[in-house]
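What follows is calculated from the coordinates using simple rules that are stated; it is not laboratory data. Only a predicted model underlies this, so the values are computations on that prediction, with no experimental measurement involved. For neighbour counting, all protein chains shown are included, and Cβ atoms are generated from backbone atoms with ideal geometry for every residue, glycine included.
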Amino acid sequence: NIVLNDNVKTIYGTASDGLEIYHDGSNSLIKDTGTGNLTLDTNGNQINFGGGGENFAVFRKDTSVDLFYNGLKKFETTNTGVSITGQAVVSNGIDVNGGTVDLIDNVRLRLGTASDLQIYHDGSNSYVRDVGTGRLWIDSNGQGVSIISDGSGAKPMAHFYKDAAVELYYNNILRLETLTAGAKVTGDLEVTGTITGAGGSFLPLIGGTMTGDTIHNDNVKSIYGTASDGLEI
């Protein structure tokens, strides 16, 4: 054996600019005191760091780097990226510069301190769920918000335009839109309740009784029968 007492160093290179190996009385140190790099090079297939019968880190030739916690592998590099076993806690954001973020069925993206907003797919349906106590807001800094039914953008269900109309569709046909002066229905309007206004009741239940006045301007007709062969008032 060659015995070197505490703080007696084996120095490779110059005394001021080399590699030092020693024990300081409390810890064992391998120190690179120079300006270059410290390189660990093996002719085998891997380098292991460990102690007490468990691995801390394993560096494998031409394959993965594995990092452990209490003997359990938590981080592994792969041929496509990295694999994490357990939870990843990020304190300063995640930047994805290309590619996708893939979550399998029933794995939820949870937002808020109490996981108030959840986005996920359960294998059959997709959900955006507000499970908190407030409201769910959809806010656009653009010209509006659109809800599309076929995934291609070609078949709208609803459009909400900034400072303008709300449009509602049935099978890609515009049926209701708000206007500056009110609203417009394209097609039939079926009322199962009563529509009321400032002047009283205007439209009754189907088969009911009209309980308020209807106002027709000059030359606006009520036609009973066909438009060309009926009673006009």
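Key figures for this structure:
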quantity	calculated
Column: log10 I(q)/I(0), Debye, Cα scatterers of segment 88-177, q = 0.19, 0.20 Å⁻¹	-1.18, -1.21
Option label - Rg/Rh (Cα atoms, Kirkwood Rh) computed here, alternatives (1) 1.34; (2) 1.22; (3) 0.95	(1)
Stokes-Einstein D (µm²/s) once Rh is taken as the Kirkwood radius of segment 23-160 over alpha-carbon pairs, at 4 °C in 1.567 mPa s	62
Ordering of 215-227, 110-122 by packing [mean C-beta count within 10 Å, highest first]	110-122, 215-227
Net lengthening on full extension, Ile11/Thr180 (0.36 nm per residue, minus Cα-Cα)	52.2 nm
Fully extended contour minus Cα-Cα distance, from Asn48 to Arg60, at 0.36 nm per residue	3.5 nm
Among Asn79, Asn106, Asn141, residue whose mean-square fluctuation peaks in a GNM of the chain (springs only between Cα atoms under 10 Å)	Asn79
Gaussian network model of the chain, springs between alpha carbon atoms under 10 Å - residue of Ser83, Ser26, Ser146 with greatest fluctuation	Ser26
Most fluctuating residue given options Gly134, Gly25, Gly86, as computed from a GNM of the chain linking Cα atoms under 10 Å	Gly25
Mean separation of Cα contacts under 8 Å (6+ apart) over length of segment 36-146, as relative contact order %	10
